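Undergrad: I have a structure here, written as structure tokens, and I will follow up with some questions on it.
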Amino acid sequence: MISKATLSRLPEYLEYLRQQESFVTDISATAIAKGLHLGEVQVRKDLSSVCGNGKPKTGYNIDDLKSSIEHALGKKQKSEAVIIGAGKLGKALLSFDGFSEYGLLVRTAFDSSLEVIGDNILPMEELASYCSLHQVEIGILTVPPEYAQEASEKMVKAGIKAILCFSAKSLNLPDGIAVHYENLALSLAHLKQKTV
């Protein structure tokens with residue numbers, strides 16, 4: 001079983017390996033740790049959980065390590081996610097191509113406003129049937145905070161089991177529903193503190 005902390009670092013390792021693959025065929029945990037400014041022991045532990053131990057003096061074959069990380073991230077198994085809230089952020093995420101790098105298809109958004117219904121944006125009333133038909137279990141919530149609780153409850157009723165929440169609102173949902181909060185303003189505030 002791969003820990004959540006390790007899973008959260010795997011995309012960073014994968015991106016780093018992609019940057020190195022045109023220069024070398026093998027890479028050590030030490031080189032990865034140095035390149036990403038991480039602790040060597042942590043990198044060794046993370047990599048051993050997805051790929052076993054590297055070879056002495058040569059480390060890991062980059063292609064094999066990339067393949068193992070992609071497998072751990074589920075890249076080989078495509079899953080579809082939906083966006084709830086087709087405002088500016090929702091539309092931006094809908095047009096973002098980077099999700100496919102991690103085995104996610106994000107091609108449909110849902111909104112309660114009839115004014116935005118159109119290409120790849122469906123009315124909220126169709127959420128449950130769409131999720132059932134496409135076996136969607138992941139949702140991205142981008143509605144204003146005052147609508148977040150109601151929208152998240154509709155997501156759960158539609159069969160969604162994991163929510164990436166961009167709304168600045170703490171959700172009250174049943175046990176077993178995974179929620180990850182992404183607060184862009186807070187992230188920027190942290191960056192601002194580092195420049196002072």
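The values are calculated or read from the model by the stated rules, or taken from the named source; none is laboratory data. Because the structure is a prediction, the values reported are computed rather than measured. With ideal geometry, Cβ positions are generated from the backbone for all residues, glycine too; neighbour counts draw on all protein chains shown. Calculation scope for accessible area: heavy atoms of the full protein, side chains included, ligands and nucleic acids excluded. Shrake-Rupley method; radii C 1.70, N 1.55, O 1.52, S 1.80 Å.
Undergrad: Given the structure, is S129 surrounded by fewer than 17 Cβ atoms within 10 Å (Cβ to Cβ), farther than 28 Å from D175 by Cα and of a type in the set (G, A, S)?
TA: no
Undergrad: Could I ask something else about it? Identify all residues within the range 118-162 that are modelled with pLDDT of 95 or more and basic (K, R); write none if there are none.
TA: Passing the criteria: K154, K157.
Undergrad: Still on this structure, I have one more. Looking only at the range 135-158, count how many residues are surrounded by 15 or more Cβ atoms within 10 Å (Cβ to Cβ) and either touching a helix residue (DSSP H, G or I) at 6+ places or on another chain (Cβ under 9 Å) or closer than 18 Å to L104 by Cβ (or both).
TA: Selection size over the range 135-158: 12.
Undergrad: Tell me the residue from E115, E101 that is out of contact with any strand residue (DSSP E or B) (no Cβ under 7 Å at 6 or more places or on another chain), modelled with pLDDT under 85 and not polar (S, T, N, Q), please. Can you show your working first?
TA: Values: E115 fails: modelled with pLDDT under 85.
From the options E115, E101, the qualifying one is E101.
Undergrad: Can you tell me how many residues within the range 60-105 are in contact with a Cys (Cβ under 6 Å, 6 or more places away or on another chain) and in contact (Cβ under 8 Å) with a residue 40 or more places away in the chain? Break it down into steps so the answer makes sense when it comes.
TA: Step one: list which residues in the range 60-105 are in contact with a Cys (Cβ under 6 Å, 6 or more places away or on another chain), which gives 65, 68.
Pick out the ones that are also in contact (Cβ under 8 Å) with a residue 40 or more places away in the chain and you get 65.
Number of matching residues: 1.
Undergrad: Another question about this same structure. Any idea which residue in the range 1-26 is surrounded by the fewest Cβ atoms within 10 Å (Cβ to Cβ), counting only those that are free of Cβ contacts under 8 Å to residues at least 40 places away in the same chain and not in a helix (DSSP H, G or I)?
TA: This residue is M1.
Undergrad: Which numbered condition in (1) part of a loop (DSSP other than H, G, I, E, B); (2) of a type outside the set (V, I, T); (3) more than 23 Å from the chain's Cα centre (by Cα) is the only one that F96 fails?
TA: Unmet condition: (3).
Undergrad: Another question about this same structure. Among (1) part of a helix (DSSP H, G or I); (2) of a type in the set (F, W, Y); (3) crowded, with 19+ Cβ neighbours inside 10 Å, there is one condition F110 misses while meeting the rest; what is its number?
TA: (1) is the only condition that F110 fails.
Undergrad: Which residues, counting only those in the range 34-59, are within 20 Å of E70 (Cβ to Cβ), at pLDDT 90 or above and outside any helix (DSSP H, G or I)?
TA: L38
Undergrad: Restricted to the range 27-60, and to residues that are under 23 Å from the mean Cα position of the chain (by Cα) and over 17 Å from L7 (Cα atoms), which residue is least open to solvent (accessible area, probe 1.4 Å)?
TA: Across the range 27-60, the extreme among qualifying residues is G35.
Undergrad: Only residues that are of a type in the set (S, T, Y) and either in contact with a helix residue (DSSP H, G or I) (Cβ under 8 Å, 6 or more places away or on another chain) or surrounded by 14 or more Cβ atoms within 10 Å (Cβ to Cβ) (or both): list them for the range 169-196, please. Give the steps one after another, and end with the answer.
TA: Of all residues in the range 169-196, those of a type in the set (S, T, Y) come to 170, 181, 187, 195.
Passing the criteria: only Y181.
Undergrad: Of the conditions (1) surrounded by 15 or more Cβ atoms within 10 Å (Cβ to Cβ); (2) more than 16 Å from K157 (Cα to Cα); (3) of a type in the set (S, T, Y), S100 fails just one. Which one is it?
TA: It is condition (1) that S100 fails.
Undergrad: Follow-up question, since we're still on this one. Can you list residue pairs whose Cβ atoms sit under 7 Å apart, with the first residue in the range 172-196 being in contact (Cβ under 8 Å) with a residue 60 or more places away in the chain and the second being acidic (D, E) and open to solvent by 70 Å² or more (accessible area, probe 1.4 Å)? Count only pairs 6 or more apart in sequence or on different chains.
TA: Short answer, once both residue conditions are applied: none.
Undergrad: Same structure, new question: May I ask you to say which residue of F166, F99 is of a type outside the set (D, E), at negative phi and touching a helix residue (DSSP H, G or I) at 6+ places or on another chain (Cβ under 7 Å)?
TA: Of F166, F99, the one residue that is of a type outside the set (D, E), at negative phi and touching a helix residue (DSSP H, G or I) at 6+ places or on another chain (Cβ under 7 Å) is F166.
Undergrad: When you scan the range 80-88, do you find a residue that is closer than 23 Å to L141 by Cα and open to solvent by 60 Å² or more (accessible area, probe 1.4 Å), even just one?
TA: yes
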